[in-house]
1. Relative to the first principal axis of the alpha-carbon coordinates of the chain, what is the inclination of helix 75-86, with its axis defined by its Cα atoms, in degrees from 0 to 90 and to the nearest 10?
2. What length, rounded to one decimal in nm, is gained on full extension from Tyr68 through to Ile115, with 0.36 nm per residue of separation minus their alpha-carbon distance?
3. Could you tell me whether region 46-117 comes out rounded, prolate or oblate from its Cα gyration tensor? Rule is a ≥ b ≥ c as square roots of the eigenvalues, rounded for a/c under 1.5, then prolate if a/b exceeds b/c, otherwise oblate.
4. Given the rule -39500 (n - 2.57) for each run of at least 4 DSSP H residues, summed and divided by the residues of the chain, what is its mean residue ellipticity at 222 nm, to the nearest 500 deg cm²/dmol?
5. Which entries of Lys37/Lys86; Lys2/Lys100; Lys3/Lys44; Lys2/Lys111; Lys37/Lys100; Lys44/Lys100 show an alpha-carbon separation above 29 angstrom in the structure shown?
6. For Glu95 and Leu61, compute 0.36 nm times the residue count separating them, minus their Cα-Cα distance, and round to one decimal in nm.
7. Using r as the Cβ-Cβ distance of Lys86 and Ile42, and R0 as 25 Å, what FRET efficiency do you calculate, to the nearest 0.05?
8. Rounded to the nearest percent, how much of the accessible area of the chain (1.4 Å probe, protein heavy atoms only) is carbon and sulfur?
Amino acid sequence: MKKALVVGSSLIDLFLRPDESHTTITNENVSLLLGDKIPTEIDKMSLGGNGSNVSVALARLGISTSFYTWLGNDILSTEIENTIEKEGLELLTEEERGGKTGLSVILNFGKDRIIFSHH
């Protein structure tokens with residue numbers, strides 16, 4: 001049986017689609033007005049990060065996979081743990097946790113996007 005250990009990042013990807021009536025798109029620029037409250041649709045929320053993506057892909061290929069990553073002590077960490085468990089991965093982390101877990105907010109504009117990333 002093949003086994004793999006992946007060491008890498010894990011975070012949550014939040015995909016949003018802003019209401020186009022509140023954005024101006026010209027060439028390669030997007031303009032938003034400061035102070036605006038821009039309605040968005042949540043397209044999806046998923047596990048992200050290079051380490052997470054590789055680990056899940058290996059597990060789905062039938063390879064027994066352990067994943068070592070850093071997690072904070074917030075609700076995003078809980079979401080990551082639950083998703084990794086559902087994928088059948090062995091999760092390895094530091095026993096003492098602190099701080100905020102990584103988050104990427106991806107604004108989708110048709111075929112284009114802007115990513116705000118916190119690692």
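1. Between helix and principal axis, roughly 50 degrees.
2. On the way: separation 47, 0.36 × 47 = 16.92 nm, distance 2.48 nm.
Answer, rounded to one decimal: 14.4 nm.
3. Details: a/c = 2.55, a/b = 1.25, b/c = 2.05.
In terms of gyration-tensor shape, oblate.
4. Numbers: 2 runs with 23 residues, N = 119.
That calculation yields -6000 deg cm²/dmol at 222 nm.
5. Working: Lys37/Lys86 36 Å; Lys2/Lys100 34 Å; Lys3/Lys44 31 Å; Lys2/Lys111 38 Å; Lys37/Lys100 25 Å; Lys44/Lys100 21 Å.
In this structure, Lys37/Lys86; Lys2/Lys100; Lys3/Lys44; Lys2/Lys111 exceed 29 Å between Cα atoms.
6. Details: separation 34, 0.36 × 34 = 12.24 nm, distance 2.90 nm.
Contour length minus the Cα-Cα distance gives 9.3 nm.
7. Working: r = 20 Å, r/R0 = 0.80.
About 0.80, to the nearest 0.05.
8. Values: 4190 of 8230 Å².
That fraction is 51 percent.
The values are calculated or read from the model by the stated rules, or taken from the named source; none is laboratory data. Just so you know, these numbers come straight off a predicted model, no measurement behind them. With ideal geometry, Cβ positions are generated from the backbone for all residues, glycine too; neighbour counts draw on all protein chains shown. All accessible areas refer to the heavy atoms of the entire protein, side chains included, with ligands and DNA or RNA removed. Shrake-Rupley method; radii C 1.70, N 1.55, O 1.52, S 1.80 Å.
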